[in-house]
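The values are calculated or read from the model by the stated rules, or taken from the named source; none is laboratory data. Since the model is a prediction, treat every value here as computed from it, not as a measurement. We place every Cβ from the backbone using ideal geometry, glycine too, and count neighbours over all the protein chains shown.
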């Protein structure tokens, strides 16, 4: 069957006349064949030997078919262009983001004209030129960053004249003002044929749209008109996108302004509440912890109030590292400063720093809350000033009591005790008496006191008295100048078996030195109760101060008990058992637990002048035993047990222990 059909077609092709050729041309028109296929029909008729009249008829029919073919192709292209323009208009109308609109414009231009690349430039009003805003199909970074002045290059001329321009070979086209920068960018991109049309809005050029090929090409008037139509759509869409962007920006600014107004209103209201709250606390006579709690509630963070020495007055201890530097910065600036995840505000009275406020839990503090925090510092300064004024007045009155107590304790003990009770000082309870004096008293080289040295000594003593008042601020202790020293009377809070006097003296020496600005020596008497016993404790503390000076320990703090055998000599109680226990305690305990004779061996060693041979004869043991026992003594007492000062204390303790046992 297939062979028969083929034979029929061949027979028809060989038939005389033009009918088969005409039918072939119609088939080509219907299938949308290429132009070359139409000319092949006439060539085939000649090859088959058709008569001239038939060839003329076929030639005429071919020419008419080509006209129809060209018209159909134009209609199809125009239909495709119109469809693309409608699609473009829809895409641009749907776009609201400026970058999306611009990208859609150049992509559609490249697609409609079938070029290698497309791009768009926008004017830079500040610089007075145009710049490459967006590209599609570009591969050159140099080309993508080009800037064109008005009149330069094809694009500059389009922007200047508001007319479209096209060039089949831009680099060889002398109609345009070529510049090295533009030509370098075009060459780097490899562009040859370029067309540019203006984006017009109300007669004003708001951009230039380009399409370009990397090979020579002549752009037809239809293509120029098509790109101009796209540019018109693009200009409207671009203006709409800009208007929407401006509207959104204005709306965002309004929202921001509204938020700022609300935040400011809230801040003002919160500040007013905070001011009222702090004012009410001051008027009701609140203390520093009350202010700290109120500020913590208002700011939503943790508040710590530190005194001038960094000791907490309210809240937990502040962050140690860098706190002093932060407080100094706050004092210098007169404002609160950030410190890590906290804020620090110096509590000032004039130039004097009374303390420090530390706010935790609010690393991001706005201006309103920062001002409230700083206002809390002012209120805290006011409260501390009031407290210090009251304390100084009370301490002055209590100081008179302390002076009378030390001057004539046995004149009227009951009256002194009653006076103390009225002033809030119970002399019937155990107290510690601390004697403090400057570590380096002003004395002339020849030993003769002059008016200048006396004035210096009085000035140091006055500063030390002021430091003692600040040191006792907020406590139940009292202080007063007495003789050449400053005396502090503090309640005794010692645990059983502890040396509270030593700890109090050491702490006072350290704190008073910081407050006074120079080293301070402090001696402490044993805890005592009652006017007479307290006066004796003062005498013991004074002897401790003098002993520390003689021992070269000026600037230290110590008690009679802490001075070893000197304490036994200086103390009123002569605590022999305490001295023996403090000196030989480890050996006595070891002998008691293990039944050894370390104490007896040590006594024999000292009695024999440090001779191991004589000591082993005295103890009736081998010399190696003596060495082993002394090694154990070194372990228990330390490696300095045989040094002169330590050995003197050990020998004295051994003698006293022997007398006690006897």
Quick check on my filter: what residues within the range 200-230 are under 17 Å from residue 102 (Cα atoms) and free of Cβ contacts under 8 Å to residues at least 40 places away in the same chain? 200, 201
Restricting attention to the range 359-373, which residues are part of a strand (DSSP E or B) and crowded, with 22+ Cβ neighbours inside 10 Å? 359
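So, of the residues in the range 393-419 that are touching a helix residue (DSSP H, G or I) at 6+ places or on another chain (Cβ under 6 Å) and in a helix (DSSP H, G or I), which turns out to be modelled with the lowest pLDDT?
So, considering only residues that are touching a helix residue (DSSP H, G or I) at 6+ places or on another chain (Cβ under 6 Å) and in a helix (DSSP H, G or I), the one modelled with the lowest pLDDT is 395.
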Here are the criteria: (1) free of Cβ contacts under 8 Å to residues at least 40 places away in the same chain; (2) at negative phi. Tell me which single one residue 334 does not satisfy. (2)
Considering only the range 301-358, state which residues are part of a loop (DSSP other than H, G, I, E, B), under 17 Å from the mean Cα position of the chain (by Cα) and surrounded by 15 or more Cβ atoms within 10 Å (Cβ to Cβ). 319, 336
Among what's in the range 554-568 and is under 52 Å from the mean Cα position of the chain (by Cα) and under 24 Å from residue 584 (Cα atoms), pick the residue that is modelled with the lowest pLDDT. 563
Looking at (1) within 54 Å of the chain's Cα centre (by Cα); (2) assigned by TED's automatic domain parsing to the domain that holds residue 633; (3) modelled with pLDDT under 85, which is the only condition residue 584 fails? (1)
Conditions first: (1) crowded, with 20+ Cβ neighbours inside 10 Å; (2) within 47 Å of the chain's Cα centre (by Cα). Residue 108 passes all but one, so which condition is the exception? (2)
So, residue 206, is that one farther than 26 Å from residue 240 by Cα and in contact with a strand residue (DSSP E or B) (Cβ under 8 Å, 6 or more places away or on another chain) or not? no
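Being closer than 23 Å to residue 159 by Cβ, in a helix (DSSP H, G or I) and modelled with pLDDT under 85 is the requirement here; does residue 237 meet it?
On the way: closer than 23 Å to residue 159 by Cβ: yes; in a helix (DSSP H, G or I): yes; modelled with pLDDT under 85: yes.
So residue 237 fits the description; yes.
Let's see how each residue does on (1) crowded, with 17+ Cβ neighbours inside 10 Å; (2) at pLDDT 65 or above; (3) in contact with a helix residue (DSSP H, G or I) (Cβ under 8 Å, 6 or more places away or on another chain); (4) not in a helix (DSSP H, G or I):
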residue	(1), (2), (3), (4)
58	yes, yes, yes, no
62	yes, yes, yes, no
66	no, yes, yes, no
76	no, yes, no, no
88	yes, no, yes, no
96	no, no, yes, yes
Only one of 523, 541, 483, 530 is under 24 Å from residue 413 (Cα atoms) and at pLDDT 85 or above. Can you tell me which? 530
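Residue by residue, here is whether (1) surrounded by 15 or more Cβ atoms within 10 Å (Cβ to Cβ); (2) without any contact (Cβ under 8 Å) to a residue 60 or more places away in the chain; (3) part of a helix (DSSP H, G or I) holds:
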{"site": "592", "(1), (2), (3)": "no, yes, yes"}
{"site": "601", "(1), (2), (3)": "yes, yes, yes"}
{"site": "606", "(1), (2), (3)": "yes, yes, yes"}
{"site": "621", "(1), (2), (3)": "yes, yes, no"}
{"site": "629", "(1), (2), (3)": "yes, yes, yes"}
{"site": "634", "(1), (2), (3)": "no, yes, yes"}
{"site": "647", "(1), (2), (3)": "yes, yes, yes"}
{"site": "652", "(1), (2), (3)": "yes, no, yes"}
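For the range 608-619, enumerate the residues that are surrounded by 16 or more Cβ atoms within 10 Å (Cβ to Cβ) and over 21 Å from residue 583 (Cα atoms). Reasoning before the result, please.
Initial filter on the range 608-619 (surrounded by 16 or more Cβ atoms within 10 Å (Cβ to Cβ)): 608, 615-616, 618-619.
The answer is 615, 616, 618, 619.
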Which of the residues spanning the range 245-290 are modelled with pLDDT of 80 or more and either surrounded by 15 or more Cβ atoms within 10 Å (Cβ to Cβ) or in contact with a strand residue (DSSP E or B) (Cβ under 7 Å, 6 or more places away or on another chain) (or both)? 289, 290
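Only one residue in 45, 33 is at pLDDT 65 or above, surrounded by 12 or more Cβ atoms within 10 Å (Cβ to Cβ), over 29 Å from residue 112 (Cα atoms) and not assigned by TED's automatic domain parsing to the domain that holds residue 224. Which one? Spell out how you get there, then give the answer.
On the way: 33 fails: over 29 Å from residue 112 (Cα atoms).
One residue alone meets the criteria, 45.
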State whether one or more residues within the range 512-521 are more than 17 Å from residue 549 (Cβ to Cβ) and not in a helix (DSSP H, G or I). yes
Pairs only if they're at least six apart or on different chains, beta carbon under 8 angstrom, first in the range 428-443 and closer than 12 Å to residue 490 by Cβ, second assigned to a loop (DSSP other than H, G, I, E, B) and at pLDDT 85 or above; list them, first residue then second. 429/529; 430/527; 430/529; 431/527; 431/529; 432/527
